[in-house]
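First up is the structure itself, then whatever we jot down about it.
The values are calculated or read from the model by the stated rules, or taken from the named source; none is laboratory data. Since the model is a prediction, treat every value here as computed from it, not as a measurement. Please note: Cβ atoms are built from the backbone with ideal geometry, for glycine as well, and neighbour counts cover all protein chains shown. For the accessible areas, the whole protein counts, side chains as well, though only heavy atoms, and no ligand, DNA or RNA atoms are used. Shrake-Rupley method; radii C 1.70, N 1.55, O 1.52, S 1.80 Å.
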Amino acid sequence: YVAAVYEHESILSPNPTALVDRQSALELMGRNLDIYEQQVVAAARQGAQIIVFPEDGIHGFNFTRSSIYPYLDFVVHSHSVKWNPCREPYLFNDTEVLQRLSCMALKNKIFLVANLGTKQPCEHTDPHCPSDGRYQFNTNVAFNDDGMLVATYRKHNLYFEYAFDTPPEPDYTLFDTPFAGKFGMFTCFDILFFEPAVNLVRQYNVKQVVYPTAWMNQLPLLSAVEFQQAFATAFNVNILAANIHHPILGMTGSGIYTPVKSFIYHNMEGYGGKLIVAEIPVITTDYKTNLERTPDRVSEKGSEQLPPTFYAEMMYDNFTFVPVWGEKGELQVCANTLCCYLTYQRAVLTDELYALGVFDGLHTVHGTYYVQACALVKCGGLSFSTCGQEVTDATALIDFQLWGNMSTSYIFPLLLTSGITLDYADHMGWKNNHYFISKNTTSSGLLTAALYGRWYEKD
C-alpha cells in the first residue's frame, strides 16, 4: 500500500500560556490546518491511501491546563457513535478542527490520522474527574476515506504535559482499512512503555502502526528515526511515524518503516515541513529473524592486558565502559546482572575512539523506566570522558557482533550511522540465552550499535 507521513513545522502561539478566546485559537489552528490540507492533496496525488500528521502539530505546545482550553475540540470517545464530522457538523459543539480534518479525508478519498487536544466533561461522582469538571486529553483521531471518524486514542504516557490528563484506563485503539487490514495507534512517549503500545501490538497481533510524535532527539540511543526503526524491527511491524519539525528544540525525524527497509527524514539544518510518501508491503505473517552461528564466548586469556574499565554519563545514566582499541578484538563489560560482549574488526584504523558500554538499572531523568543496554558507541573525542556524548558523524567502518545476557525479552536493536542515517543488521536474535546483533561493515561510519532492552516489570 502507499503511505504518507508529514513532518510539520507548526505555526506556534507566540505566548502559549496566555488566555485567548476560541476564535483566536481557531485562527492559529486554521493556519496549521491550511498546511495540512495542501499536504493531503499532495499525498493523494501521489497515490497515498493513508496520511499521518504529528503530535501537537495543530495547536503547538507549552500550554497550561487553562491556556490550552480554547484550543480543545469536543470528541465522543465511544465506539458506539458513528459520526462523520464533515457531513454532520452540527451534531456536537466545538468540533471545528475535527470537521476540517474529516473533510480533508473525504475530499481526497484518503485515510487520515491527526493529533489534537480534546475535552470531555465529567461528573464529580467519577473519582478520576479533575476538579474543573472536565478531562483534557492529548488525542489521536483517525478518519476513513469517507470522512468518518473511525478511531480515537488518548495518550497514556504523558511527557511533562501539564495541560493534559492521563486517561483512567489505557486505550487499545485499532481501525480497519481495506488496503492493509488493521492499524494500531499510540503517541510519542508511549513507544517506550508496555502499556498500551507493546500490549496493543502483541495482544491484537497488529502489523501496521500509525504513530504521531513530537520527539526531542537524544543521541546516542534515543534519536527519533533510530528508535522508530528499532520498534519496527523488534516487533516485525510497519510504522508510519510523523514528527514535528523544530530543529531549535531538537525535534525532527519521521519515516515510514518496515522491518527491513525505511524511508526517513532527519534534518537539523533546514526549516519547513517534509512529506514522505512510500509504497510498502502489507505484513501479514510473523517472520522470524534468521539466527546465525552461536556467538563465541569471549575467551578468558589470562596473559593479555585487559583494557581499562571506566565510567561516563550517557543518556543521563552512569554507564560502565571499556575502550574499543586496535583493529580487532574481543571485549566484555558487565554491570549488575548484565554482561555485554563484542567481537569486532575494522578495515582501517581511524583517529576515533569507540567504547563498549553497559547499563542495567532504573533510568530516572525525563521519565522513570528500567533499561538494560549494551552499546557500542563513538565517543565525542579521544578522551574517555567524551564517551556518551552526542555525536552525529563518524568514518570508522566496523564489522561486529554484539551480544548480552539480557533478562528481558523486549530488545530494541539500534544501528545508527554517520549523518543520522540508518542501517540494518545482517543477523539478530536469541541464541543460548543471549541476544545478539551482527553486521559485516556498515554502509557508512558507525555511530551506535546497541541492544536497548526494556525491563517493563521493573519500572
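The residues of segment 385-424 that are of a type in the set (Gly, Ala, Ser), more than 21 Å from residue 198 (Cβ to Cβ) and open to solvent by 20 Å² or more (accessible area, probe 1.4 Å), listed by number, are 385, 418, 419.
Looking across segment 439-459 at every residue that is within 16 Å of residue 354 (Cα to Cα) and modelled with pLDDT under 95, the one that is nearest to the chain's Cα centre (by Cα) is identified as 442. The single condition from (1) under 17 Å from residue 223 (Cβ atoms); (2) within 21 Å of the chain's Cα centre (by Cα) that residue 378 fails is (2). Is it the case that some residue within segment 318-333 is among the small types (Gly, Ala, Ser) and touching a residue at least 24 places away in the same chain (Cβ under 8 Å)? No - not one qualifying residue is present in segment 318-333. Of all residue pairs spaced 6 or more apart or on separate chains, those with beta-carbon atoms under 8 Å, a first member in segment 188-212 that is within 21 Å of residue 253 (Cβ to Cβ) and a second member that is among the charged types (D, E, K, R) and surrounded by fewer than 20 Cβ atoms within 10 Å (Cβ to Cβ) are 193/459; 208/182. Of the strands (runs of 3 or more DSSP E) lying entirely inside segment 341-417, the ones with 1 or more residues being in contact (Cβ under 8 Å) with a residue 12 or more places away in the chain and touching a His at 6+ places or on another chain (Cβ under 8 Å) are found at 369-378, 398-404.
Identify the single condition in (1) within 24 Å of the chain's Cα centre (by Cα); (2) surrounded by fewer than 24 Cβ atoms within 10 Å (Cβ to Cβ); (3) part of a loop (DSSP other than H, G, I, E, B) that residue 39 does not satisfy, given that it satisfies every other one. So the condition that residue 39 fails would be (3).
Taking the criterion of being part of a loop (DSSP other than H, G, I, E, B) and open to solvent by 10 Å² or more (accessible area, probe 1.4 Å), the only residue of segment 221-241 that qualifies is 236. Taking the numbered list (1) free of Cβ contacts under 8 Å to residues at least 40 places away in the same chain; (2) at positive phi in turn, residue 147 passes all entries but (1). Residues that are more than 25 Å from the chain's Cα centre (by Cα) and under 22 Å from residue 420 (Cβ atoms) were ranked within segment 345-375; the one that is surrounded by the most Cβ atoms within 10 Å (Cβ to Cβ) is 355.
For segment 153-196, a residue qualifies if it is closer than 26 Å to residue 411 by Cα, among the hydroxyl-bearing types (Ser, Thr, Tyr) and open to solvent by 30 Å² or more (accessible area, probe 1.4 Å), and the qualifying residues are 159, 172.
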